[in-house]
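Q: Please see the structure below; I have some questions.
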Amino acid sequence: MREQLRREIERLKSLGATYVDARWYPFEEQNYLMMWNGNLKVTDASRESGVGVRVLYRGAWGFSASSDLSNLRALFDKAFDNARIAAERVTFPVRLAEKDALQASFESPCRIDPFEVPLEEKVAFLKAMDEKLNQPGVEQRTGDLNFIRKQIVFLDSEGSEIEKRITEVFARLRVSGRDEDGVSHVRTFTLGRRGETRGWESMDMEYFAEQAERIVREMNQVRTAEPCPKDDRAVILLPGIMYLQTHETIGHALELDRILGYELAYAGGSFVRLEDFGTLRYGSEKLTVRADATLPNSPGSFGYDDDGVPAQNNLLIDKGILVGAITGRQMVEEANARARRRIFEGSSGANRATAFYRVPIERMTNINIDPGTDGTLDDIVRNTERGIVLDGERSWSIGSNREQFHFAVEIGWLVEDGQISRVVKNATYKGDTLKFWNSLSAVGDESTWEVKFVDNCGKGQPNQVMQLGHGVPVCRFDNVRIGE
Amino acid sequence: MKDRILQTLHDLRRYAREKGYEVSLFFHVEDSYLMRFANSAISLNTNEHLIRFEATAYDGRKRASYEMITNLDDVEALKTGIDTAAEMVEHAMPLTYEPTIPVLPETFIDESNWDAELASVSNEERLAYFNTAVKGLETEEIRLSGIFSNGTNVLAHTNTRSEHAQYFQTSDAQITAVLSHERLKWEVSAGQSAQRKTDLDPQALRAELAFLVKHYREDPPQQLPLGNYDIVFGPAATADLVRIMNWIGFNGGMMKRGYSFLKEEEVGRQVLSPLFTLTDDPTRRETFPFRRDFTGIERKPFPLFERGVFKGFIWSQDEADEFGAQPTGHTVMHNSLVMAGGEMAVDSLEELVAQRRENDLLYVPFLHYMNIVNPSQGVVTASSRFGALLLKADGSIAIPYNVRLTHSLKTIFGENLAWLSRKTVPHNTSSSYGARNPTAVIVPRFLCVNDLAISHSNDSF
């Protein structure tokens with residue numbers, strides 16, 4: 001197969017293609033189980049294989065993909081034809097940043113392959129969790145397990161050949177119940193990074209049982225709580241919502257394709273402009289953010305991106321100043337040319353596709369906030385006169401240029417005079433992105449820092465759902481509108 | 001293709017029966033083409049030919065599924081998929097209810113929604129469409145973005161209890177064109193949904209874009225003060241608001257789980273405005289309808305709201321099994337939602353702008369990033385985008401920066417609903433997540449809601 005792919009790549013080069021790559025997925029497997037109120041509603045497994053071909057011709061991309069590998073020549077020809085017609089409407093001919101030709105491999109850390117674990121064991125795990133969640137006050141309880149295993153072989157016309165084997169484990173428990181007015185409330189636990197590997201060993205029964213007990217207790221507290229007040233105060237975001245705040249108003253805003261207008265037909269743009277790099281005060285001095293695809297054991301660490309560029313750890317925001325973006329080979333060249341200065345030295349290795357039948361685009365890796373020096377969660381609460389601690393995403397809606405946002409969360413704890421006073425329900429907060437990050441007044445230390453996994457980041461047309469991570473501490477923001 | 005798929009289903013069914021399995025077998029075949037534009041260039045030109053196969057095995061109350069992306073020639077792999085599902089079901093846990101394996105009453109072939117001409121639109125035609133749609137509207141600073149997505153979608157299925165099979169073949173196209181100002185950052189949009197090639201009308205798209213671009217170039221931008229406004233929603237916004245009721249409105253399973261703003265006791269009651277009538281109407285070809293559901297039930301127009309009176313919940317087979325309800329022919333990939341028009345003789349944007357008015361009107365054609373703040377209260381939030389206009393009482397026009405709306409559906413479609421235009425239009429709501437599933441909602445061209453608060457107002461584009 002590899003030899004056939006190499007031959008086809010060379011053939012298209014000889015026909016005038018500037019660049020060609022192929023991503024062959026010998027297999028991608030998924031195993032998804034979902035139990036709802038004791039019913040194993042979904043017992044699903046899947047397997048797919050195929051090839052995606054990307055061709056650059058006269059400054060334009062063509063792409064084609066197929067699960068039918070019986071006629072690779074036709075598949076490559078189709079991709080080339082698609083590039084030829086695209087070349088009829090080019091405004092900025094695609095150029096690719098330099099990279100090394102690599103012969104390399106990557107394997108994600110996994111001790112116990114979840115695909116080797118018998119189905120009975122997975123079902124027993126869910127059943128045990130379901131029993132833990134089946135408590136007074138709980139009307140709906142769900143547990144779901146999602147395992148992914150894939151092999152990707154990347155070859156390109158510049159001489160790279162990279163093989164990746166990636167295993168992912170995602171797990172979630174959720175409970176909901178209604179208050180006296182019949183309004184539903186929900187509390188969720190989502191598995192994040194634990195230890196140095198992520199295989200079946202992540203499914204620690206004792207740890208999950210503790211989390212199950214916690215979310216039931218907290219959901220019942222919310223059910224009987226007073227409504228969230230509507231006022232301006234400090235918000236203290238726990239990692240369970242801090243990761244999403246980071247994701248939506250830093251991560252997506254700093255994808256270079258969005259900044260350059262490549263997502264305007266659908267997902268939207270970014271308030272960030274090319275002239276902002278190096279000067280824009282994105283947040284307070286307490287804010288340092290990096291895109292770290294080298295972070296051990298996270299879905300945002302993948303060895304090499306789908307341009308064949310090695311994973312990197314790059315600063316995005318340094319002590320509040322915008323310095324970097326999430327980039328691939330194409331966009332950095334265009335950005336530098338349009339800005340008439342060298343903003344980016346090269347690709348940051350963040351161009352990824354979700355499947356063989358999708359084209360790579362800029363995707364978040366691990367968008368992390370460095371821990372700070374403001375102590376533990378207790379320290380931050382103690383130093384807050386009037387605020388609210390928030391956790392768990394319930395809904396999120398962001399402006400089309402990522403300039404403003406509205407989040408609803410699962411639970412809030414009011415803070416009065418440095419102490420937690422009571423739980424509130426229906427908590428929400430909103431703000432303007434830059435104003436919000438510039439109001440960052442406290443960043444928790446390493447004891448508050450957690451790596452959250454994201455299994456459902458959507459972007460692009462055709463849509464692509466990507467897996468990634470966020471390492472975030474507890475953070476406090478001042479004068480934020482809540483309760484609307 | 002049709003004969004080959006049906007023959008393969010027949011052969012696989014025979015194989016499963018010989019092995020003593022209880023299975024349902026499902027093919028999804030898509031031939032998808034997408035030309036994407038950005039910065040006035042074709043940023044991506046792609047096509048995918050994918051064949052998905054799903055085998056679901058049953059053993060009394062147990063159920064398990066195995067899905068593959070494969071090709072029709074590889075029959076041995078398809079049989080292995082069936083074997084895998086059958087093996088999985090042995091280890092699955094029984095449900096608390098018995099899942100129904102339907103007996104399909106007859107072989108049903110529906111190709112009436114397929115137009116060979118639309119399915120075979122060429123690369124050159126896609127490009128020509130866009131060149132016409134934006135002719136003369138692009139400048140150095142006003143850039144084109146958009147998509148032209150078209151393709152063929154085939155669904156076919158049977159099971160070991162049915163001698164018959166069902167086969168649905170659809171063609172569709174979804175077009176979105178956005179013109180945005182690179183420096184000023186404003187953006188306007190127009191879209192089209194096509195089920196036949198004759199539905200494609202780039203000149204109509206151009207006319208709408210040209211009208212909006214003219215105003216966005218000439219009229220002053222403005223940050224709106226927070227407060228209450230009479231808001232006219234365009235078809236994209238209305239379709240999004242209606243579509244979300246699939247999840248938090250009239251879905252019986254979601255209601256039973258506490259995730260609906262509609263209650264069982266509200267069936268037969270006045271819940272929304274008398275102006276609001278909504279039907280699941282599979283006779284409307286513009287919605288890419290299923291005329292049978294996947295259990296073989298013939299789908300007929302199903303009233304959801306009649307003049308604001310809630311007529312009843314919909315039940316898929318599985319949710320009906322679980323909650324002891326009667327299935328309503330809604331075991332399908334999507335419904336065919338049709339919202340009735342009203343009395344207002346305002347059929348175009350030009351007519352809306354020219355309309356005499358006593359108060360300022362905020363025109364919101366599109367709602368960006370809608371999400372559900374609380375399902376049991378029916379509260380949703382979203383921002384305006386793509387061509388909003390402030391139509392002032394004195395006849396002048398301003399260009400409002402984007403605003404945020406956070407409201408319950410009962411407020412929007414309830415007593416504040418002021419008027420609906422008499423003309424209805426299809427709005428394509430297809431998502432390209434996962435498998436192709438062409439979907440459209442038919443809604444009034446305009447819908448006016450009085451006295452709605454905006455909770456956030458941007459200070460720039």
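The values are calculated or read from the model by the stated rules, or taken from the named source; none is laboratory data. These numbers come from a predicted model, not from an experiment. Quick reminder, even Gly has a Cβ in these numbers, built from the backbone with ideal geometry, and neighbours come from all protein chains shown. Areas reflect the complete protein model, heavy atoms only, side chains present, ligands, DNA and RNA absent. Shrake-Rupley method; radii C 1.70, N 1.55, O 1.52, S 1.80 Å.
Q: Can you confirm whether segment A:329-339 contains a residue that is buried (at least 22 other Cβ atoms within 10 Å of the Cβ) and closer than 29 Å to A:E410 by Cβ?
A: No - not one qualifying residue is present in segment A:329-339.
Q: For segment B:89-135, which residues satisfy the criterion of being under 27 Å from B:E30 (Cβ atoms), part of a loop (DSSP other than H, G, I, E, B) and of a type in the set (D, E)?
A: Across segment B:89-135, the qualifying residues are B:E106, B:D115.
Q: Looking at segment A:53-74, which of the residues that are over 30 Å from A:A339 (Cβ atoms) and more than 9 Å from every other protein chain (Cβ to nearest Cβ) is most open to solvent (accessible area, probe 1.4 Å)? Outline the logic, then answer.
A: Narrowing segment A:53-74 to residues over 30 Å from A:A339 (Cβ atoms): A:53, A:64-74.
Checking which are more than 9 Å from every other protein chain (Cβ to nearest Cβ) leaves us with A:53, A:71-74.
Values: A:V53: 0, A:N71: 83, A:L72: 10, A:R73: 126, A:A74: 48 Å².
So, considering only residues that are over 30 Å from A:A339 (Cβ atoms) and more than 9 Å from every other protein chain (Cβ to nearest Cβ), the one most open to solvent (accessible area, probe 1.4 Å) is A:R73.
Q: May I pose another question? Any chance you could count how many residues in segment A:362-376 are closer than 24 Å to A:Y282 by Cα and open to solvent by 20 Å² or more (accessible area, probe 1.4 Å)? Walk me through how you get there before you give the answer.
A: First pass over segment A:362-376, keeping only residues closer than 24 Å to A:Y282 by Cα: A:362-375.
Within this subset, residues satisfying the condition of being open to solvent by 20 Å² or more (accessible area, probe 1.4 Å) are A:370-374.
Total satisfying the criteria: 5.
Q: Return only the number of the condition from (1) surrounded by fewer than 22 Cβ atoms within 10 Å (Cβ to Cβ); (2) in a loop (DSSP other than H, G, I, E, B); (3) touching a Leu at 6+ places or on another chain (Cβ under 7 Å) that B:G395 does not satisfy.
A: (3)
Q: If you don't mind, another one. Can you tell me which residue among A:E139, A:E107 is under 30 Å from A:A293 (Cβ atoms), assigned by TED's automatic domain parsing to the domain that holds A:R172, touching a residue at least 12 places away in the same chain (Cβ under 8 Å) and surrounded by fewer than 18 Cβ atoms within 10 Å (Cβ to Cβ)?
A: Answer to the check: A:E107.
Q: Given the conditions (1) among the hydroxyl-bearing types (S, T, Y); (2) assigned by TED's automatic domain parsing to the domain that holds A:S400; (3) assigned to a helix (DSSP H, G or I), report the number of the one that A:S284 does not fulfil.
A: Only one criterion in (1) among the hydroxyl-bearing types (S, T, Y); (2) assigned by TED's automatic domain parsing to the domain that holds A:S400; (3) assigned to a helix (DSSP H, G or I) is unmet by A:S284, namely (3).
Q: Given the condition touching a His at 6+ places or on another chain (Cβ under 9 Å), away from chain A (no Cβ under 11 Å) and among the β-branched types (V, I, T), answer yes or no: does some residue in segment B:159-177 qualify?
A: no
Q: Within segment A:188-227, can you find the residues that are under 17 Å from A:Q135 (Cβ atoms), among the acidic types (D, E) and either surrounded by fewer than 18 Cβ atoms within 10 Å (Cβ to Cβ) or in contact with a Leu (Cβ under 8 Å, 6 or more places away or on another chain) (or both)? Break it down stepwise before answering.
A: Taking segment A:188-227 first, the residues under 17 Å from A:Q135 (Cβ atoms) are A:188-189, A:208-224.
Subset that is among the acidic types (D, E): A:210, A:213, A:218.
A:E210, A:E213, listed by residue number.
Q: A follow-up question, please. For B:A194, indicate whether it is over 14 Å from B:V443 (Cα atoms), in contact with a Gly (Cβ under 9 Å, 6 or more places away or on another chain) and either assigned by TED's automatic domain parsing to the domain that holds B:D115 or open to solvent by 30 Å² or more (accessible area, probe 1.4 Å) (or both). Show your work before the answer.
A: Values: over 14 Å from B:V443 (Cα atoms): yes; in contact with a Gly (Cβ under 9 Å, 6 or more places away or on another chain): no; either assigned by TED's automatic domain parsing to the domain that holds B:D115 or open to solvent by 30 Å² or more (accessible area, probe 1.4 Å) (or both): yes.
Against the criterion (over 14 Å from B:V443 (Cα atoms), in contact with a Gly (Cβ under 9 Å, 6 or more places away or on another chain) and either assigned by TED's automatic domain parsing to the domain that holds B:D115 or open to solvent by 30 Å² or more (accessible area, probe 1.4 Å) (or both)), B:A194 does not qualify.
Q: Another question, if that's okay. If you go through segment B:88-120 one residue at a time, how many are modelled with pLDDT under 95, more than 26 Å from B:P327 (Cβ to Cβ) and in contact with a Leu (Cβ under 9 Å, 6 or more places away or on another chain)?
A: Qualifying residue count for the region: 2.
Q: To continue, here is another question. List every residue pair whose Cβ atoms sit under 6 Å apart, with the two residues 6 or more apart in sequence or on different chains, where the first one lies in segment A:439-460 and is closer than 30 Å to A:A265 by Cα and the second, anywhere, is hydroxyl-bearing (S, T, Y) and at pLDDT 95 or above.
A: Partner pairs satisfying both residue conditions: A:K452/A:Y243.
Yes/no matrix, rows are residues, columns are (1) surrounded by 17 or more Cβ atoms within 10 Å (Cβ to Cβ); (2) touching a Pro at 6+ places or on another chain (Cβ under 6 Å); (3) touching a residue at least 40 places away in the same chain (Cβ under 8 Å); (4) more than 12 Å from chain A (Cβ to nearest Cβ):
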{"residue": "B:S40", "(1), (2), (3), (4)": "yes, no, yes, no"}
{"residue": "B:H49", "(1), (2), (3), (4)": "yes, no, no, no"}
{"residue": "B:E54", "(1), (2), (3), (4)": "yes, no, no, no"}
{"residue": "B:Y58", "(1), (2), (3), (4)": "yes, no, yes, no"}
{"residue": "B:I69", "(1), (2), (3), (4)": "yes, no, no, no"}
{"residue": "B:V103", "(1), (2), (3), (4)": "no, no, yes, yes"}
{"residue": "B:I109", "(1), (2), (3), (4)": "no, no, yes, yes"}
{"residue": "B:S112", "(1), (2), (3), (4)": "no, no, yes, yes"}
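Q: Consider segment B:369-381. How many of its residues are assigned to a strand (DSSP E or B), more than 20 Å from B:G227 (Cα to Cα) and open to solvent by 10 Å² or more (accessible area, probe 1.4 Å)? Before you say what the answer is, go through the steps one by one.
A: Initially, segment B:369-381 is screened for residues assigned to a strand (DSSP E or B), giving B:369-374, B:379-381.
Subset that is more than 20 Å from B:G227 (Cα to Cα): B:369-374.
So of that shortlist, the ones also open to solvent by 10 Å² or more (accessible area, probe 1.4 Å) come out as B:369-373.
Number satisfying all stated conditions: 5.
Q: Take the residues of segment A:417-447 that are surrounded by fewer than 23 Cβ atoms within 10 Å (Cβ to Cβ) and β-branched (V, I, T): which is nearest to B:N374 (Cα to Cα)?
A: First pass over segment A:417-447, keeping only residues surrounded by fewer than 23 Cβ atoms within 10 Å (Cβ to Cβ): A:417-426, A:430-432, A:434-436, A:438-441, A:445-447.
Cutting the leftovers down to β-branched (V, I, T) gives us A:420, A:423-424.
On the way: A:I420: 25, A:V423: 18, A:V424: 15 Å.
Here the answer is A:V424.
Q: Next question, about the same structure. List the number of the failed condition for A:G38; all other conditions in (1) surrounded by fewer than 20 Cβ atoms within 10 Å (Cβ to Cβ); (2) without any contact (Cβ under 8 Å) to a residue 60 or more places away in the chain hold.
A: (2)
Q: Turning to a different aspect of this structure: Please go through segment A:228-284 and give me each residue that is over 25 Å from A:L414 (Cα atoms), among the hydroxyl-bearing types (S, T, Y), buried (at least 23 other Cβ atoms within 10 Å of the Cβ) and within 13 Å of chain B (Cβ to nearest Cβ), ordered by number.
A: Matches in segment A:228-284: A:Y262, A:S270.
Q: Kindly indicate the residue of segment A:285-296 that is touching a Ser or Thr at 6+ places or on another chain (Cβ under 7 Å) and touching a residue at least 60 places away in the same chain (Cβ under 8 Å) and also surrounded by the fewest Cβ atoms within 10 Å (Cβ to Cβ) among those meeting that condition.
A: Restricting to residues being touching a Ser or Thr at 6+ places or on another chain (Cβ under 7 Å) and touching a residue at least 60 places away in the same chain (Cβ under 8 Å), the top hit is A:L295.
Q: Based on this model, can you work out whether B:A64 counts as farther than 30 Å from A:S64 by Cα, facing chain A (nearest Cβ under 7 Å) and buried (at least 23 other Cβ atoms within 10 Å of the Cβ)?
A: On the way: farther than 30 Å from A:S64 by Cα: yes; facing chain A (nearest Cβ under 7 Å): yes; buried (at least 23 other Cβ atoms within 10 Å of the Cβ): yes.
Criteria met by B:A64.
Q: In addition: Residues of segment B:83-98 being of a type in the set (A, V, I, L, M), without any contact (Cβ under 8 Å) to a residue 40 or more places away in the chain and at the interface with another protein chain (Cβ under 7 Å from one of its Cβ atoms), which ones? Show your work before the answer.
A: Initially, segment B:83-98 is screened for residues of a type in the set (A, V, I, L, M), giving B:85-86, B:88-89, B:92-93, B:95.
From what is left, the residues that are without any contact (Cβ under 8 Å) to a residue 40 or more places away in the chain are B:88-89, B:92-93.
Hits for segment B:83-98 are B:M88, B:A92, B:M93.
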